[in-house]
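Q: This is the structure I have questions about; it appears just below.
The values are calculated or read from the model by the stated rules, or taken from the named source; none is laboratory data. Values in this document were obtained by computation on a predicted structure and should not be read as measured data. All Cβ positions, glycine included, derive from the backbone under ideal geometry; neighbour counts span all protein chains shown.
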Amino acid sequence: MLQLPAKALTLIFVAGLLVDARAQEKSAPPPFVPGEVIVKFSAKSKASESSAAKAGSNEPGPALVSYVHSLSSELGVPVQAKRLGSGGTVILAIDQSGLLSLWAERLRVDSAVKEVRVMPSGLPDRPIRPAIQVQFVEGSAEEKLVGKLAADRKQTSSELEAIKDKFEKRLGCPLTVSVSDATWIQVVPDFNSITQDLAKQLAKRPDVEYAQPNFMRGRMASTSQDSPPIR
């Protein structure tokens, strides 16, 4: 039997890893801007004429802003017309602070919750993920759990995961929950998942030709030519 030298076997092994990595890279979906969706309204929709870009400007007009705002209640997510794109498209952006405020109200009805506060995203030079912080009622099992985890310098546990599952059902969104300090937990929504769900909802509307997340190429956000729109 032909036996290859160790150096040759190593090269074959490394080559195999590179091929596998490239295959995974090709199969992975392109990144997109969390919270942004590109929409092309149908020609017969109320928003179509308002989506036509004026010369030298990509600012959405008042009619389009009003129309997009009216979609928020139907979608269950506050959205805004951020800017006009090419080919009559519109880039919509989730109002993250508004969405977190809505969710804070939903969490406040929990009998174990004492207080909820919204933590908006930070400044460009000090980015902070938008989150909700929750404080539980004094003496409750949840409040004792948070205190114990903080004392043990642990950010999560199976019991805290159960609380996360309950919050996810109430908000309808994947979450990351961790201990913030001795009395507060931090709830971080998965805005990637929210963005994908929003694009799917918009794509099903009769007044929309297509909708998809705002895919990125390099450092610039734009419509990906490699990814077909969600229909």
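Q: Looking for whichever is of a type outside the set (A, V, I, L, M, F, W, C), assigned by TED's automatic domain parsing to the domain that holds E105, modelled with pLDDT under 95 and surrounded by 12 or more Cβ atoms within 10 Å (Cβ to Cβ) here; the options are K154, K164, K148. Which one fits? Show your work before the answer.
A: On the way: K164 fails: modelled with pLDDT under 95; K148 fails: modelled with pLDDT under 95.
Result: K154 is the single residue among K154, K164, K148 that is of a type outside the set (A, V, I, L, M, F, W, C), assigned by TED's automatic domain parsing to the domain that holds E105, modelled with pLDDT under 95 and surrounded by 12 or more Cβ atoms within 10 Å (Cβ to Cβ).
Q: Filter the stretch 134-172 down to the residues that are over 15 Å from Q186 (Cβ atoms) and in contact with a helix residue (DSSP H, G or I) (Cβ under 7 Å, 6 or more places away or on another chain) and list them by number.
A: Within the stretch 134-172, V137, E159, R170 meet the criteria.
Q: Out of all the residues in the stretch 40-57, is one or more within 24 Å of the chain's Cα centre (by Cα) and modelled with pLDDT of 75 or more?
A: Within the stretch 40-57, the first condition is being within 24 Å of the chain's Cα centre (by Cα), and the residues that meet it are 40-41.
From what's left, modelled with pLDDT of 75 or more: 40-41.
Yes, the stretch 40-57 contains at least one residue that is within 24 Å of the chain's Cα centre (by Cα) and modelled with pLDDT of 75 or more.
Q: Can you confirm whether P62 is of a type outside the set (V, I, T) and at pLDDT below 90?
A: Yes; evaluated as a whole, the condition is true for this residue.
Q: Additional query: Applying the selection to the stretch 198-210, what residues are under 20 Å from L99 (Cα atoms) and either hydroxyl-bearing (S, T, Y) or buried (at least 17 other Cβ atoms within 10 Å of the Cβ) (or both)? Even if it seems obvious, please write down each step before you answer.
A: So the first thing to find is which residues in the stretch 198-210 are under 20 Å from L99 (Cα atoms), and the list is 198-202.
Selection gives L198, A199, Q201, L202.
Q: Shifting gears a bit: Does the stretch 213-230 contain any residue that is among the charged types (D, E, K, R), at negative phi, modelled with pLDDT under 95 and not in a loop (DSSP other than H, G, I, E, B)?
A: yes
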